[in-house]
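Presented below is the structure to which this report refers.
The values are calculated or read from the model by the stated rules, or taken from the named source; none is laboratory data. Being a predicted model, the structure only gives us computed values, none of them experimental. Because the Cβ atoms are built from the backbone with ideal geometry, glycine has one as well, and the counts that use them run over all protein chains shown. With ligands, DNA and RNA removed, areas are computed over all heavy atoms of the protein, side chains included. Shrake-Rupley method; radii C 1.70, N 1.55, O 1.52, S 1.80 Å.
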Amino acid sequence: MTMTAPEPPRPASVWEVIPIARTAWRICDGALTETDASRLVAYVDKNETGTYDVLWLRSPCPTRSRYRSLDELLADLDAADAAGAPSRADRPRQIPHFPPPE
């Protein structure tokens, strides 16, 4: 009978919030090397209503979602990462469709 060692715990991601403008940030996964393109997780813009529009870059094509705060966004990433579930970066919250202005 061969016993194998248990799988080591996955290192927790360290989310880096890097300012790129007064109301815009990049979110990077600090657990990945700077040469890894998947390190860049999202772009975040704070809009005039005070909410944060997020452009996720980890899915097959860029998708968008919205959060009330940066803390909510990072908590959501942490929760998905800890659970090993697909993160919002992979499956964002749907934004309701708004009809075009007339």
| field | Approximate spin-label separation ALA24-ALA79, in nm, with each point projected 7 Å along Cα-to-Cβ | value | 2.9 nm
| query | Leaving out ligands, DNA and RNA but keeping every protein chain, what accessible area does ASP76 have, in Å² rounded to the nearest 10, with a 1.4 Å probe? | reply | 40 Å²
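Provide GLU16, GLU48 ordered by accessible surface of protein heavy atoms (probe 1.4 Å), highest first.
Values: GLU16 60, GLU48 175 Å².
Ranked from most to least accessible, the order is GLU48, GLU16.
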